[in-house]
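Since the structure comes first, as structure tokens, the remarks are kept for the end.
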Amino acid sequence: MKKMEIEFILNGKKRKIEVKPNDLLINIIREDLYLTGTKYGCGLGECGVCTVLLNGEPVLSCLTLAITVDGKEITTIEGLAQGDELHPLQKAFLKNGAVQCGFCTPGMILTATALLRENPDATEDEIRNYMRGNLCRCTGYVQIIKAIKECTSIKNKGLTN
Amino acid sequence: MHNTRFLTQEFEYFVPHTLSEALDLLFTYQDKRTKILAGGTDLLVKMKTLGIGVDYLININEISEIKNVELDKGLKIGAAVKLSQLEKMKAVKEEYPALYEGITSMAAIAIRNMATLVGNICNASPAGDTIPPLVVYGAKLRIVSKKGERVIPLEDFISGVGETILKRDELVSQVIIPEPYKDLGSAFCKKGRVKADIAKINLAVGIERDGDICRDCRIVLGSVFSKTLRAYKSEEILRGKVIKDDLIISAAKRAAEEIKPIDDVRSTAEYRNELARVMVEDTLHIAWERAGGKRW
Ligand SMILES: Cc1cc2nc3c(=O)[nH]c(=O)nc-3n(C[C@H](O)[C@H](O)[C@H](O)COP(=O)(O)OP(=O)(O)OC[C@H]3O[C@@H](n4cnc5c(N)ncnc54)[C@H](O)[C@@H]3O)c2cc1C
Ligand code: FES
Ligand code: FES
């Protein structure tokens, strides 16, 4: 199968790369670009561990053809920190014990960034609803919800929902 | 077990930027295994799990003509419009609440950022969550090919499980939803095993109210037959009548008798019948209240 060149922005940097039409985005990110923060779970859209941001919105890289992101902007978990300074959600996850084995964490945090941008005052119910496609086998979710809640706007912080 | 890690199919890929380019491709490759790629949330899963073969893949997401929603006496929704785009629109939430509820019941946000409304229709699953609401609102589809176009009611589009009347050189370019009657109340209801699951039963109802009377109504159920089913006899019980609790109860009972569910991994047929009765009753109540009708 003929390879085609695509150009896209990955974590703020322009990348040019040759892909085959049937290459999945997840494999290009992990195996060609060596960013292994994005995880592979079910491969069928059920678990959310392969979540990346496409033009800022969460999508599943296991169901995305790499060739379709030509001209677009992709953010993976590696793109959130500013140098050595972790993203507030990353800090909150660490602080609250929301990372155990860590396999779900990249997808969780990326999804949560989109939630908080859309709805900075998200209530616990809204957080649970938005995060429902990201599965975690370790934490029981309580610490994850708590960490996200801590990053909602000041106005909302004191409330228990 | 199938391999979900790679796509093993080899195909040629096209990304047309205009509708006419896409239609030329469909026309040229109509005798081959040619597939349209919208969100890919059904197509890629099927390629991975069922190994369906594809020779030519046409990505329709960069066609600007089909990327927007026109708000003009109803809604005209292009084939590349994502579900999450629709759920964020005030007009969808307020004027077509059953569609809003159907969309937001689906999967999770990442899937809805990828998936399209037209993809849900063309996939023609009996469990497709947007189909009952769209039938309630009398949606039509604009179908185009190199040779011309036709507009047909959604109700006539799906012919069986995974099957539509689409010809091989055609695609659906737009969903057309008419303006709702001023006192229409509508609602959607779905039961899965857990939230965000594929439905055991999903349904939508719409009641047009004229004073105490139901001037017209639609009761549309999914996952209970090879395609979405309208409970015509149940609708007949309500149409033209003064709405009372006992009438809603008998309409719900009738709807449960009209469906033809199957036993499968998600439920037995018996359970689905009983569930349908309760769900139709509850949803009719909600719709009647939304139509401005009084409760007793
Ligand atoms: C984890 C998961 C959960 C899901 N949950 C739900 C759920 O709760 N409820 C539900 O209803 N569905 C669910 N789905 C199924 C799926 O997400 C939806 O059916 C979705 O709307 C499909 O849209 P798409 O754009 O991704 O379609 P695609 O996969 O791109 O296309 C689907 C089919 O339609 C054809 N097609 C697409 N666009 C056109 C067009 N314009 N003209 C002609 N043919 C076309 C394609 O060739 C393909 O055969 C789920 C899927 C996954 C993976
Ligand atoms: S690996 Fe993509 S959703 Fe599970
Ligand atoms: S921390 Fe282990 S899966 Fe979530």
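Matching residues to (1) within 16 Å of ligand 3 (Cβ to nearest atom); (2) farther than 30 Å from residue B:63 by Cβ:
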| position | (1), (2) |
| --- | --- |
| A:73 | no, no |
| A:96 | yes, yes |
| A:121 | no, yes |
| A:129 | no, yes |
| A:134 | yes, yes |
| A:138 | yes, yes |
| A:143 | yes, yes |
(request) Among the residues of segment B:52-103, count how many are in contact with a Gly (Cβ under 9 Å, 6 or more places away or on another chain) and without any contact (Cβ under 8 Å) to a residue 24 or more places away in the chain. (result) 4
(request) Within segment B:82-97, work out how many residues are more than 9 Å from chain A (Cβ to nearest Cβ), closer than 17 Å to residue B:38 by Cβ and touching an Asp or Glu at 6+ places or on another chain (Cβ under 9 Å). (result) 0
(request) Could you run through segment A:1-35 and say how many residues are under 21 Å from residue A:80 (Cβ atoms), in a loop (DSSP other than H, G, I, E, B) and either within 11 Å of chain B (Cβ to nearest Cβ) or not small (Gly, Ala, Ser) (or both)? (result) 4
(message) Any residue that is in contact with a His (Cβ under 9 Å, 6 or more places away or on another chain) and in a helix (DSSP H, G or I) - is there at least one of those in segment B:232-247?
(response) yes
(request) Would you be able to say whether some residue in segment A:147-156 is free of Cβ contacts under 8 Å to residues at least 60 places away in the same chain and either within 16 Å of ligand 3 (Cβ to nearest atom) or within 14 Å of another protein chain (Cβ to nearest Cβ) (or both)? (result) yes
(message) Among the residues of segment B:26-44, what is the count of those that are out of contact with any Asp or Glu (no Cβ under 9 Å at 6 or more places or on another chain) and crowded, with 18+ Cβ neighbours inside 10 Å?
(response) 9
(request) Determine if segment A:101-114 includes at least one residue that is part of a loop (DSSP other than H, G, I, E, B) and either within 16 Å of ligand 1 (Cβ to nearest atom) or within 25 Å of residue B:106 (Cα to Cα) (or both). (result) yes
(request) Test residue B:58 against the criterion of being closer than 18 Å to residue B:164 by Cβ, within 14 Å of chain A (Cβ to nearest Cβ) and assigned to a strand (DSSP E or B), and give yes or no. (result) yes
(message) Can you report the number of residues in segment B:191-216 which are modelled with pLDDT under 95 and out of contact with any Asp or Glu (no Cβ under 6 Å at 6 or more places or on another chain)?
(response) 11
(request) Being at the interface with chain B (Cβ under 10 Å from one of its Cβ atoms) and of a type in the set (S, T, N, Q) is the filter here, so list the residues in segment A:51-91 that pass it. (result) A:51, A:55, A:61, A:64, A:68
(request) For segment A:24-53, name all the residues that are surrounded by 22 or more Cβ atoms within 10 Å (Cβ to Cβ) and away from ligand 2 (no atom under 11 Å from the Cβ). (result) A:28, A:29, A:53
(request) Could you list all residues from segment A:93-134 that are among the charged types (D, E, K, R) and facing chain B (nearest Cβ under 9 Å)? (result) A:118, A:132
(request) Go through B:260, B:227, B:253 for me and flag whichever is in a loop (DSSP other than H, G, I, E, B) and more than 21 Å from residue B:98 (Cβ to Cβ). (result) B:260
(request) Quick one: residue A:38 ticks every box in (1) away from chain B (no Cβ under 11 Å); (2) over 22 Å from residue A:145 (Cβ atoms); (3) touching a helix residue (DSSP H, G or I) at 6+ places or on another chain (Cβ under 8 Å); (4) not in a loop (DSSP other than H, G, I, E, B) except a single one, so which number is it? (result) (4)
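Report, by residue number, each residue of segment A:59-71 that is aliphatic (A, V, I, L, M) and either within 21 Å of residue B:9 (Cα to Cα) or part of a loop (DSSP other than H, G, I, E, B) (or both).
Correct list: A:60, A:63, A:65, A:66, A:67, A:69.
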(request) With the condition kept exactly as written, say whether any residue in segment A:72-79 is outside any strand (DSSP E or B) and surrounded by 21 or more Cβ atoms within 10 Å (Cβ to Cβ). (result) yes
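The values are calculated or read from the model by the stated rules, or taken from the named source; none is laboratory data. Keep in mind that what you see is a predicted model, and the values were worked out from it rather than measured. Cβ atoms come from the backbone with ideal geometry, glycine included; neighbour counts cover every protein chain shown.
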